[in-house]
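Student: Mind having a look at this structure? Questions to follow.
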Amino acid sequence: MIYLDNAATSWPKPEAVLEAMTAFMRDIGANPGRSGHRLSVEAGRTVLDAREAVAELLSIRDPMRVVFGLNATDALNLAIRGTLRPGDHVVTGSMEHNSVMRPLRDLEAEGVELTVVQASPEGFMDPVDVSEAMRPGTRLVAMIHASNVVGSLLSIRDIGAIARDAGALFLVDAAQTAGCCPIDVGRDNVDLLAFTGHKGLLGPQGTGGLAFGPDVDVSRVRPLRSGGTGSRSEHEVQPDFLPDRYESGTMNGVGLAGLAAGVRYVLERGVDDIRGHEVGLVRRFIDGVRGIEGIDLYGGGDARRQTATLSINLRGEAPSDVGLALDEDHDILCRVGLHCAPAAHRTIGTFPDGTVRLSFGAFNSRGAVDAALDALRGMVGR
Amino acid sequence: MIRRKPTEPTGVALFHSTSLAIRGERIARKGGLKVKLVPTPRHLSSDCGTALRFRMEDIDALRALFRASSLECDDMIPL
């Protein structure tokens, strides 16, 4: 079996992730940051391990500026709903996943003004177009770092500078890039970065969070949930400091144990090494697929300007049929359809049928690329 | 009444939250200081939080380590 669905969730995970999660459940198991006894403290140390690892990966000096939640969608909802009020203006792009688009459309119905900047048919955003969309009342610029459909990368440093100049916060959806592409929150002008634990960070599902840039005043982001934090228990109002302001309720201790191990794996192997590996796989696939008559490849076709996510279609074949044939006849697992990103598919011209998406990861080999190419050759030839 | 009397002069560092206290422990230990996380003594706070116990002779070194890491510590109190 060849797993080419790493953009949905990475698999397999490093062995250390499984070991860390088993060890947490067997040997620690207590509630992090609550009780003060040794197991509770040990669970708290595990959470700090995860916080420190993510902070190191994103070049964030203070690990308390990494706030954990359920996943990237949860973090994006916090960043979007926590910052915008009716009358505010927000700028986004036409390659967004519904994790950004749906909260923004909800808020648009409540009186937030929304501008969707059009990306190119290859999935790229021109910073000049973003600049032209800015207004005096623009409070937030929210954009996906790399498309989950064609992998096209956004030049976050340029767009962050545009947002900063206009006094708006810059929110980056790094669901597809954290762990796969180098990110330096400070240098890249990012104010809020939403990440998920179960993709490039190689941790388990149910982990993720929001990282705050060094200059962001947390009073600009209202918490969406309040409740017990294990701190300031004498007060009935939510704490105003990080990370407790946004972390009410018992943490996903076992998940964060796995996330810490996943991010440690990424740090030890090196993001540059993983990035180089994935660029090599993408280049090999693009070179191969271009030689196959009857297949359309979407995106820019340049491995250096994209993640390891690729979209194709076999002319005259429905993506769903291709996906089923890859699974049943060739043991290749991928994802077909609209990938929760209708705006992106409209942008690249594949709405409403969608595409066949192949997404490579840190553990795929060149042999997996060749197997996918062989399968596709066989399918168009029959 | 249970009293746990330390054998040498000690103090506790108080933090906003347990996350910060655990970070304080890590920073102190990396800096070579002997510290221990303990439930915050009742006479100092009604909070359910965790405090960091240290040897009084290390108080200046501990302060310096926290400052170097920009770790916010609410107070350091002799016991």
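Student: Going 7 Å from the Cα of A:GLU132 in the Cα-to-Cβ direction, what parts of the stretch A:341-355 have a backbone nitrogen less than 14 Å from that spot?
Tutor: The answer is none, because no backbone nitrogen lies closer than 14 Å to the label point.
Student: Could you tell me what percent of the DSSP beta bridges with both partners in chain A are antiparallel, to the nearest 5?
Tutor: 50 percent
Student: Report, to the nearest 10°, how far helix A:319-330 tilts away from the longest principal axis of the Cα atoms in chain A, using its own Cα long axis and a range of 0 to 90°.
Tutor: 80 degrees
Student: For A:ILE2, list long-range residues whose amide hydrogen, built 1.01 Å from N in the peptide plane, is under 5 Å from its own amide hydrogen.
Tutor: Under 5 Å from the amide H of A:ILE2 lie the amide H atoms of A:ILE332, A:LEU333, each far enough along the sequence or on another chain.
Student: Quickly estimate the mean residue ellipticity at 222 nm for the protein assembly as shown, helices only: each DSSP H run with n ≥ 4 gives -39500 (n - 2.57), and the total goes over all residues, rounded to 500.
Tutor: -11500 deg cm²/dmol, from helical runs alone.
Student: Give the cross-link partners of A:LYS13 among the aspartates and glutamates, using a straight C-alpha distance below 14 Å as the criterion and excluding same-chain residues fewer than 8 apart.
Tutor: Within reach: A:ASP5.
Student: What does the highest-first list of A:339-345, B:9-15 look like by mean Cβ count within 10 Å?
Tutor: Going by the mean number of other Cβ atoms within 10 Å, highest first, we get A:339-345, B:9-15.
Student: Below 14 angstrom from the Cβ of B:ARG63, what's the summed charge of the other residues (Lys, Arg +1; Asp, Glu -1)?
Tutor: Overall, the nearby charge balance is -4.
Student: So how far, in whole Å, is the C-alpha centre of the stretch A:235-282 from the one of the stretch B:13-79?
Tutor: 25 Å
Student: At a Förster distance of 41 Å, what's the computed FRET efficiency of B:ILE2 paired with A:ASP217, Cβ-Cβ distance as r, to 0.05?
Tutor: 0.40
Student: Taking 7 Å along the Cα-to-C-beta vector as the label spot, tell me the B:ALA61-A:ALA318 distance in nanometres, rounded to one decimal.
Tutor: 7.2 nm
Student: Can you give the average number of partner chain beta-carbon atoms within 10 Å of each beta-carbon in peptide B:11-19, as a whole number?
Tutor: 6
Student: Within 11 Å, Cβ to Cβ, of A:HIS339, how many net charges do the neighbouring residues add up to if Lys/Arg are +1 and Asp/Glu are -1?
Tutor: Net charge in that neighbourhood comes out at +1.
Student: For the stretch A:27-33, in order, what is each residue's ³J(HN,Hα) by Karplus, 6.51 cos²θ - 1.76 cosθ + 1.60 with θ = phi - 60°, in whole Hz (x at glycine and Pro)?
Tutor: For the stretch A:27-33, the Karplus-derived couplings read 10, 10, x, 7, 7, x, x Hz, x marking Gly and Pro.
Student: How many nm separate the modelled label positions at A:ARG304 and A:GLU56, each set 7 Å beyond the Cα in the direction of the Cβ?
Tutor: Going by the 7 Å Cα→Cβ label model, 3.0 nm.
Student: Further, regarding this structure: Could you go through the stretch A:358-371 in sequence order and give the Karplus-derived ³J(HN,Hα) for each residue, using 6.51 cos²θ - 1.76 cosθ + 1.60 with θ = phi - 60°, rounded to whole Hz, and x for Gly and Pro?
Tutor: Here the 3J(HN,Hα) series is 10, 10, 8, x, 4, 10, 7, 9, 5, x, 5, 5, 5, 5 Hz.
Student: Using the basic label-point model (7 angstrom from Cα toward the beta carbon), what is the A:GLN205 to A:GLN238 distance in nanometres?
Tutor: 2.8 nm
Student: If I take R0 = 56 Å and measure r between the Cβ atoms of A:GLU19 and A:GLU293 in this structure, what FRET efficiency does the formula 1/(1 + (r/R0)^6) give, to the nearest 0.05?
Tutor: Working: r = 47 Å, r/R0 = 0.84.
About 0.75, to the nearest 0.05.
Student: Which angle from 0 to 90°, rounded to the nearest 10, does the C-alpha axis of helix B:18-30 make with the longest principal axis of chain B?
Tutor: Relative to chain B, helix B:18-30 is tipped by roughly 60 degrees.
Student: Quick one: which residues, 5+ away or cross-chain, put their amide H under 5 Å from the amide H of B:LEU79? H built at 1.01 Å from N.
Tutor: B:THR10, B:GLY11, B:VAL12
Student: Normalised by the residues of chain A, what does the relative contact order come to in percent, with Cα pairs under 8 Å and at least six apart?
Tutor: Relative contact order comes out at 24 percent.
Student: What size of dipole, in debye to the nearest 20, comes out for the stretch B:17-78 about its Cα centre when the only charges are +1 on Lys and Arg C-beta atoms and -1 on Asp and Glu C-beta atoms?
Tutor: Taking the Cα centre of the stretch B:17-78 as origin, the dipole is about 300 debye.
Student: Just to confirm a number: summing +1 for Lys and Arg and -1 for Asp and Glu over residues other than A:THR309 whose beta-carbon lies under 13 angstrom from that of A:THR309, what do you get?
Tutor: Local net charge: +2.
Student: Here is a follow-up. For the stretch A:197-304, which trypsin sites (Lys or Arg not before Pro) are both in a DSSP coil and crowded by at most 13 other Cβ atoms within 10 Å?
Tutor: Those satisfying the criteria are A:ARG225.
Student: Let me ask something else about it. Can you work out ³J(HN,Hα) from phi for every residue in the stretch A:60-76, in order, using Karplus 6.51 cos²θ - 1.76 cosθ + 1.60 and θ = phi - 60°, giving whole Hz and x for Gly and Pro?
Tutor: Values, residue by residue: 9, 6, 9, x, 5, 7, 9, 10, 8, x, 7, 4, 5, 4, 4, 5, 5 Hz.
Student: Something else now. Report, in degrees rounded to the nearest 10, the 0 to 90 angle that the Cα long axis of helix B:59-68 makes with the longest principal axis of chain B.
Tutor: 50 degrees
Student: Using the C-alpha gyration tensor of the protein assembly as shown, what are the square roots of 5 times its eigenvalues, in whole angstrom, with the largest one first?
Tutor: 44, 26, 17
Student: Just to confirm my numbers, what's the Cα centroid distance between the stretch A:94-140 and the stretch A:309-367 in Å?
Tutor: That distance is 25 Å.
Student: Which part of the stretch A:335-374 falls in the paramagnetic zone of A:GLU108, meaning amide N under 15 Å from the point 7 Å along Cα-to-beta-carbon?
Tutor: A:341-347
Quick note: the coordinates plus some simple rules give every number you see, no bench work behind them. Because the structure is predicted, anything quoted here is derived from the model rather than measured. Counting neighbours? That spans all protein chains shown, and the Cβs are built from the backbone with ideal geometry, glycine included.
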